[in-house]
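Below is one structure, written out as structure tokens, with a few remarks after it.
The values are calculated or read from the model by the stated rules, or taken from the named source; none is laboratory data. Predicted, not measured: the structure shown is a model, and the values here were computed from it. Because the Cβ atoms are built from the backbone with ideal geometry, glycine has one as well, and the counts that use them run over all protein chains shown. Keep in mind that these areas ignore ligands, DNA and RNA; they rest on the heavy atoms of the full protein, side chains included. Shrake-Rupley method; radii C 1.70, N 1.55, O 1.52, S 1.80 Å.
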Amino acid sequence: MKVIPLFKNEKKLIARAAEKNRRAQQELYKKHSGKMLAVCRRYIKDLQQAEEVMLNGFYKVFTHLENFKNEGSFEGWVRRIMVRECISYLRSKKKMEFGLEEIEKFPENFTDLETSFEVEHIQQLIDDLPEGYKMVFVLYAIEGYKHKEIAKMLNIETGTSKSQLYKARQLLQAQLKNQKTTAYVTT
Amino acid sequence: MSRLKFETQFKEKLEKQEIRPSAGSWEKLESRLNGEDKKPRWIWWAGIAASVAVGILIFSLIFNNNPIPQGTEIVGQPSTIETRFEEKETDKNQQFVSNEAEFITTSKTSDEINISVKGTKKTSSVQAATASSEDESLQIKKRKQLKAIWEERETVLLSTEIAKSFAGTTSEEKIFHSVTDAEIDALLKQARLKLPPHIFESTQNQISAGALLNGIETELNRSFRDKILSDLGEKLLEFALASRNY
């Protein structure tokens, strides 16, 4: 795989797309839409709704492409836009509810399990979580955001973000145990 | 809080996941983008229209507030245009009457009125000027016009003893050679005396432009011979009167 030419090509592609070149925009869409739909799907259970939110995200990407300064990866920039769109959508549907209790220090009694679940199974496990738990869990564990960043994005306290993650982990672990994983290691 | 093992595994598997969008998703996005591209143009055109309207409004306000200054003559108009031009607080009160045949100035410095008359072949192009430049242009115009008039009359006057006697006077001789301002004023004074009284408006001691014009037109319409004869006759009488009065 030729990395350097690809990078150069994407840079040119982004530049042309910023000039409202429809062909270039379509190329970028084709290249990144698969991953971005998967990102949206993590937050939004309904695939059709997830696609709608993804299109909203790409609309903002192409109308604000001049704001991308080539300082980081283009995919990372697009991903952040998608996450914000998902949060806005769930907020508008009033699907996100966070518990008021805050826990600063959590007991470290989780059984660190190993899984060999397929993606669809993992996704199903996540879908079964309450919206608030799911949102924080995905942002922290999958997207890699810190609690401070999550708290700012969701307009909650840092302690609330931690407690939501804690509860999400508890539920997931219970699920995993119930489904009889093949191997586990105790901490 | 560090990431748990299963979380790391979830992350690794989900990060590689790709879900293909539905078939018409790009077309949907494209139509939205096309709608967005059209909007700025409309706004752009609306902005241009608004600025043009504002520009027209400003121009109309400017032109309405700055009318054409009085005293400006429009060249070429057949009808009589009479404008008053008031200088700054000097004793002079000049009235311009301009048409194709006349140029008359009046001065209040004395009871006498200085008059100059020019032919219809010449066009007048008097414009409102400042007090300082106006005197100069007036003097030049007076000089030119008087010279033209006296040149015209020269052919009549020089053929007789009366013309010789006219030409013999010091002031009249100088006209043909070098005309000074004082001499022009003196000649104008004489001309004033020669004009028939009926052309003067009795109330304001100003010359009636219409009457003077009529007189000049009448004069110009006469034949050359008649003119010579009548002038000779008139000049004889006038000279006699002038000589008597001096």
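Residues in region A:64-77 include none that are touching a His at 6+ places or on another chain (Cβ under 9 Å), within 25 Å of B:Arg3 (Cβ to Cβ) and at pLDDT below 75.
Pull up region B:12-33, narrow it to residues that are at pLDDT below 90 and assigned to a helix (DSSP H, G or I), then point me to the one that is least open to solvent (accessible area, probe 1.4 Å). Taking the candidates together, the pick is B:Leu14.
Of the residues that make up region A:139-150, is at least one away from every other protein chain (no Cβ under 11 Å), open to solvent by less than 20 Å² (accessible area, probe 1.4 Å) and at pLDDT 90 or above? Scanning region A:139-150 turns up at least one residue that is away from every other protein chain (no Cβ under 11 Å), open to solvent by less than 20 Å² (accessible area, probe 1.4 Å) and at pLDDT 90 or above.
A:Thr111 satisfies every condition listed in (1) at pLDDT 90 or above; (2) at the interface with chain B (Cβ under 10 Å from one of its Cβ atoms); (3) under 19 Å from B:Lys5 (Cβ atoms) except (1). Name the single residue, out of those in region A:128-138 being more than 16 Å from A:Val39 (Cβ to Cβ) and in contact with an Asp or Glu (Cβ under 8 Å, 6 or more places away or on another chain), that is least open to solvent (accessible area, probe 1.4 Å). Ranking the candidates gives A:Gly132 first. Could you run through region A:40-55 and say how many residues are within 9 Å of chain B (Cβ to nearest Cβ) and open to solvent by less than 60 Å² (accessible area, probe 1.4 Å)? Of the residues in that region, 7 qualify.
Scanning region A:56-84 for residues that are aliphatic (A, V, I, L, M) and away from chain B (no Cβ under 12 Å), which turns out surrounded by the most Cβ atoms within 10 Å (Cβ to Cβ)? Going through the qualifying residues, I end up with A:Met82.
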